[in-house]
1. Mind checking which lysines have their C-alpha under 27 Å from Lys71, skipping anything on the same chain fewer than 8 residues away?
2. Per 0.36 nm of contour for each residue apart, how much would the distance between Asp54 and Asp399 grow if the chain were fully extended, relative to their Cα-Cα spacing?
3. Taking 7 Å along the Cα-to-C-beta vector as the label spot, tell me the Asn239-Val418 distance in nanometres, rounded to one decimal.
4. With r defined as the distance between the Cβ atoms of Asp194 and Thr101 and R0 fixed at 41 Å, what FRET efficiency is calculated, to the nearest 0.05?
5. Between Asp38 and Phe140, with labels modelled 7 Å along Cα→Cβ, what's the label distance in nm to one decimal, could you check?
6. Mind telling me which of Ile350, Ile260, Ile120 comes out most flexible in a GNM of the chain, alpha-carbon contacts under 10 Å?
7. Give the shape of region 130-217 as rounded, prolate or oblate, defined through the alpha-carbon gyration tensor: a ≥ b ≥ c are the square roots of its eigenvalues, a/c under 1.5 means rounded, and otherwise the shape is prolate if a/b is larger than b/c and oblate if not.
8. Alpha carbon centre of region 385-407 versus region 93-129: separation in Å?
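What follows is calculated from the coordinates using simple rules that are stated; it is not laboratory data. This is a predicted model, so every value here is computed, not measured. Because the Cβ atoms are built from the backbone with ideal geometry, glycine has one as well, and the counts that use them run over all protein chains shown.
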Amino acid sequence: MKNKIFILLLLASTGLISSCTSTSKVYQVDYTYLYDHDQKIIKPKFKLFHEQLDSSILYFQFSSNDVLYGKFGQDSSSMANLKMKYRIKLENKSGILDSMTVDLVDFGENNENSLLQGKIKLKLAPDLVYDIELRFRDEFRDLNVVHYLKADKRKNGNEQFFLIKQNENVLISNTLNENQEIEIFKSPLIAENDFILETSNQESAKAAPPFTMAVLNEKIFHTEFRDTVRFENNKLDLNISDKITRITPLNQDNFNAFYIFYYYNGYPELINSEHLIEPLRYISTTNEYNELKMAGDKHKAVENFWIALARDQQIAKKMIAEFYSRVELANQQFTSLKEGWKTDRGIIYIVYGIPFLVEIHGDREFWLYGEENNILSVKFVFEKQNGTWSNNEYNLIKDTNYKNNWYRAVDAWRQGRVYQ
């Protein structure tokens with residue numbers, strides 16, 4: 001997928017708003033589209049970098065396939081016509097500190113499968129935490145999306161003080177999809193110092209079913225390599241080949257560690273037969289899973305597993321396509337300290353599919369399957385784990401009442417039906 005940089009046509013800032021008592025409406029937003037490949041709606045990803053004392057850079061990107069290209073007249077060029085508006089407030093305060101609307105234009109055609117990227121400078125003073133509201137509008141499609149970010153500019157070494165580049169491209173995520181050399185940029189707000197570099201290839205456990213109350217302790221870092229490094233002119237060149245890399249300032253106990261994840265070349269896509277077998281643990285028996293792991297021809301064993309469930313080759317193909325598209329989307333959306341399919345959100349998404357409704361309130365995501373107030377519906381609540389290895393880690397609030405519903409979903413797969 002090629003990268004394209006947005007043309008920023010207009011920067012129309014309202015500047016500093018003097019009133020500190022203004023309030024904003026609370027919008028009820030359905031975020032289901034984030035987890036649905038078929039919905040052609042802007043699905044932005046963000047990376048905030050605290051570049052200077054009084055400002056930070058917000059990088060954003062999304063797929064050109066999710067915007068509509070059109071023309072203003074017969075003789076005009078085909079283009080995407082978008083607007084992005086942001087509003088900045090202090091954390092848990094109502095007064096708007098700054099706002100801006102930006103016109104974004106990309107000249108191209110529909111179905112180019114490009115990655116659209118842009119950046120904008122935000123006025124953020126140090127030592128404070130901010131709430132940022134971001135709204136994107138696709139003018140040709142007449143659709144709006146809204147997202148909320150937390151900007152933490154306290155000098156605690158959180159991941160917003162680091163930026164990764166690979167082949168001169170800014171990486172929005174700290175999960176790499178190939179083991180090439182990268183450049184890590186440190187914010188100048190973090191003092192020059194020696195850093196401890198540690199790596200590990202420790203395995204992470206698969207998520208347990210939603211009714212299982214046991215808690216996995218996976219926050220222990222098993223160091224396999226350790227060295228002291230220093231950023232030269234706030235830059236560190238590094239070749240990543242281990243699953244987890246941790247960088248921590250030396251002798252600064254109150255600073256967070258910065259983590260980089262690498263699972264295999266080609267991630268988040270499924271590349272080999274092992275990648276096809278592992279997620280089957282969610283819908284297979286122990287004996288079936290062990291036989292798949294020990295099979296000589298693993299690809300054939302996976303194919304036979306699905307045919308045995310479906311009892312029809314064409315149905316098996318449809319089940320395979322749906323199941324593994326869910327696994328790959330889980331990797332794309334839910335990767336944190338482990339592969340996305342291994343997470344709590346990953347296991348639910350793979351087995352249940354796209355939620356009927358997704359709401360995000362603060363640090364919680366609510367997924368509803370079925371219509372509201374329907375006795376057969378089920379709602380899962382995921383809680384963000386702050387101060388951990390990743391800002392994308394959400395744990396399911398477990399409940400033993402999920403047991404019957406879970407086995408009903410798994411049983412549908414085992415009877416040759418895609419559960420959705």
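1. Here the lysines satisfying the reach criterion relative to Lys71 are Lys2, Lys4, Lys40, Lys43, Lys45, Lys83, Lys85, Lys119.
2. Details: separation 345, 0.36 × 345 = 124.20 nm, distance 4.53 nm.
Extending this stretch completely gives an extra 119.7 nm.
3. Going by the 7 Å Cα→Cβ label model, 4.3 nm.
4. Working: r = 44 Å, r/R0 = 1.06.
With a Förster radius of 41 Å, E is 0.40.
5. 2.3
6. So, out of Ile350, Ile260, Ile120, the one fluctuating most is Ile120.
7. Numbers: a/c = 1.59, a/b = 1.08, b/c = 1.47.
In terms of gyration-tensor shape, oblate.
8. Using only Cα atoms, the two centres lie 31 Å from each other.
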